[in-house]
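Any read-out appearing in this document is the output of simple, stated calculations on the displayed coordinates, not a laboratory observation. None of the values given here were measured: they were computed from a predicted structure. Ideal geometry is used to build each Cβ from the backbone, glycine not excepted, and the neighbour counts take in all protein chains shown.
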Amino acid sequence: MNNEQHNLMEVHLFRLAYCQGLANSEKRSLAAALQEDRVSSPAFLADKAGLKHESKEKFLRHCETFDVDGERKKLKDWGISWVSQDDPEFPLSLKNIYDSPLGLFCMGDRSLLQKKSLSVVGARSCTPYGRECLKRLLPGVIQEGFVIISGLARGIDTEAHETAIQQGGKTIAVIGTGIDFAYPAENRELQKTIGTQHLLLSEYPLGTKPMREHFPMRNRIIAGLSMGTLVVEARRRSGSLITANLALNEGREVFAVPGSILSPLSEGTNDLIKHGAKCVYSSKDILEESMIHL
């Protein structure tokens, strides 16, 4: 692919990333059509992608009204860059997952996308036990150069990011809003620190508010970016287990910290171990397994 073709594809994917009202499956179909034909009209591409009438109309209206240069200027003003799935910088580990995002809005150090990494998820209402587990497990992993990835939620996510920073490591936060929103609000300063000194990621454009359905979608990026996912405290039905299952589906490692059989926050992790996740007592347990996959 020459530079002109690459730049044209970047514009198409950038425009598509902002198109509201289309299902992810429809966007994937459009992206596939674009890979085969970058120069046809939007109407032809919509037909080739098999869009139904209502979705086709939304797509065509968007193509007519979307201001590529205006949106790029907004991103530049915010210090945000955009990396499409067609860009060599887009992580191969994420490109190869099912339902890979069309691109990522990035604030901070994009080189972290190419580093070895470990995702960490867990309960929002974590206990002192969960926090102490992170203090025991993460320093050794960070010392080996692993970037810690999490979702900037309350609880274990926040503790994972803060532990990475306190240990002199690097961290990536994947959020379910536009980068101009801080959610939860109490993590505003942490989000700012990550966006300036580490890396903040979202697949959602500026102005995207927190919506319930965005967070399970965000989890596939958290799972897809790393070689494995560490689960520290999780209820039997929780977003953390969604992330763990996504990791398993993509052939990634799942590590789980065991907990008391009396604690509801250990039901999920204990169940993961029961069904084959690696039981973790020390950073060595994670590092031994990670060496196989690097």
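Points worth noting:
- Maximal additional length on extending the Phe44-Thr65 stretch stands at 5.8 nm, based on 0.36 nm per residue less the C-alpha distance.
- Global geometry of region 1-77, whether rounded, prolate or oblate, following the gyration tensor of its Cα atoms and the 1.5 cut on a/c: oblate
- Listed by chain and number, the lysines placed with their C-alpha closer than 18 angstrom to that of Lys284 are Lys116, Lys135; residues fewer than eight positions away on the same chain are left out.
- Given charges at Cβ of Lys, Arg, Asp, Glu: region 3-66 dipole, positive-most of Leu45, His6, His62: His62
- For region 51-80, the list of trypsin sites (Lys or Arg not before Pro) that fall in a loop by DSSP and count at most 15 other C-beta atoms within 10 angstrom reads Lys52.
- Cut-off 14 Å (backbone N to label point 7 Å along Cα→Cβ of Asp77), residues of region 193-229: 206-207
- Within region 236-256: backbone nitrogen closer than 20 Å to the Gln143 label point (7 Å, Cα to C-beta): none
- Cut-off 9 Å between beta-carbons: net charge of the residues surrounding Phe14, Lys and Arg +1, Asp and Glu -1: 0
- Considering only Arg124, Arg212, Arg252, the mean-square fluctuation computed in a Gaussian network model of the chain, springs between alpha carbons under 10 angstrom, is largest for Arg212.
- Extension gain, Arg136 back to Gln166 (0.36 nm per residue minus Cα-Cα distance, nm): 9.5 nm
- Set of lysines with alpha-carbon distance to Lys48 below 16 Å, sequence-local pairs under 8 removed: Lys27, Lys56, Lys58
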